[in-house]
Structure formats: C-alpha cells, structure tokens
1. Among the residues of the stretch 85-113, count how many are part of a strand (DSSP E or B) and open to solvent by 50 Å² or more (accessible area, probe 1.4 Å).
2. I'm told GLY40 meets every condition in (1) within 15 Å of the chain's Cα centre (by Cα); (2) open to solvent by less than 50 Å² (accessible area, probe 1.4 Å); (3) at pLDDT 50 or above; (4) under 21 Å from THR132 (Cβ atoms) except one. Can you identify the failing condition by its number?
3. Return yes when LEU126 is of a type outside the set (Val, Ile, Thr), over 12 Å from the mean Cα position of the chain (by Cα), open to solvent by less than 40 Å² (accessible area, probe 1.4 Å) and over 16 Å from ASN42 (Cα atoms) and no when it is not.
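The values are calculated or read from the model by the stated rules, or taken from the named source; none is laboratory data. Quick caveat, the model's predicted, so the values are computed rather than measured. Counting neighbours? That spans all protein chains shown, and the Cβs are built from the backbone with ideal geometry, glycine included. Surface areas here come from the heavy atoms of the whole protein model, side chains and all, with no ligands, DNA or RNA. Shrake-Rupley method; radii C 1.70, N 1.55, O 1.52, S 1.80 Å.
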Amino acid sequence: MFRRSRVALGLCAALVIAGCSHGGKRPTADLAASKVTTIGVNSYLWRATLDALSFMPLLQTDSNGGVVVTDWYVNPQLPTERMKVTVSILDQDLRADAVRVAALREVNRGGQWVTAPVAAATTQKLEDIILTKARDLRRGSVTG
C-alpha cells in the first residue's frame, strides 16, 4: 500500500518538475489539435454539425462513425414541403472535404408525400455552414 503511494507521489512530482522545466512557463499545447478527441471524428466538425442541425429532430447520431441523420423536418413557413438530412464526417482533421451532406426532399401533393429534387446549392450551403461553425469553434478554443 505504501509502495503504491510512493510510486504515485514520485510520478506526480516528476510531472510537476517536467512542467516547470520551461523557465516557469507552461508549454503551450495546441488546443485545436484535431486528433485530440474522445470521439472517432473531428470534434469541431461534430459539434458544428449538431449545432447547424439543432432546429431539426435528430433520428440517429453516431459520434464514432461521424454520422448524423435527422428525421423529417417540415418548415412552418412551407408546410407542403419536408426535408431529411444526413451528414457524414469523413476525417479527424478539420478540412473542407471532411464533411458530406446528403438531403432528401418531399412535397405534399394531394395528401401524399412525393419525392422532389434537392438543389445542389442546398447541400453545399449546409456544408459551408458546418465548416464555418467548426472553424469558429476551433478559433475560439485557441484564443479563448
């Protein structure tokens, strides 16, 4: 029991001494390092995705696989149209090609939901929103 305590105390002392070896200054860590995460994908992209889709009901989230699937969302301004979005985070790095958005759109015709095309600009805009939010989160963690 005492031996474990001495080993733990020695380890703590070594860490304290190692931390003081830079002239009293603590080494600055890159808080925004993309690989420092407890989830399987880039944490900034993950949080930005959840934030960007916060107005939609979520159907499935997988932080290890980097997938967010929303349920159908009906815009109160346009009740004859609904959207469903799937966001895939493809990398642990904060890169523009690390996010892929796929969307489904349906319109109500005579009480039946019918598949309708989604403008490419819609998914591109959502990718841009996610990337911008992720960059803002990263900047905030570095400066703040």
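1. 8
2. Result: GLY40 fails condition (4) only.
3. Details: of a type outside the set (Val, Ile, Thr): yes; over 12 Å from the mean Cα position of the chain (by Cα): yes; open to solvent by less than 40 Å² (accessible area, probe 1.4 Å): yes; over 16 Å from ASN42 (Cα atoms): yes.
Answer is yes for this residue.
Conditions tested, residue by residue: (1) closer than 20 Å to VAL68 by Cα; (2) in contact (Cβ under 8 Å) with a residue 40 or more places away in the chain.
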position	(1), (2)
ILE89	yes, yes
ALA98	yes, yes
ARG109	no, no
VAL114	no, no
ALA120	yes, no
ARG135	yes, yes
ARG138	no, yes
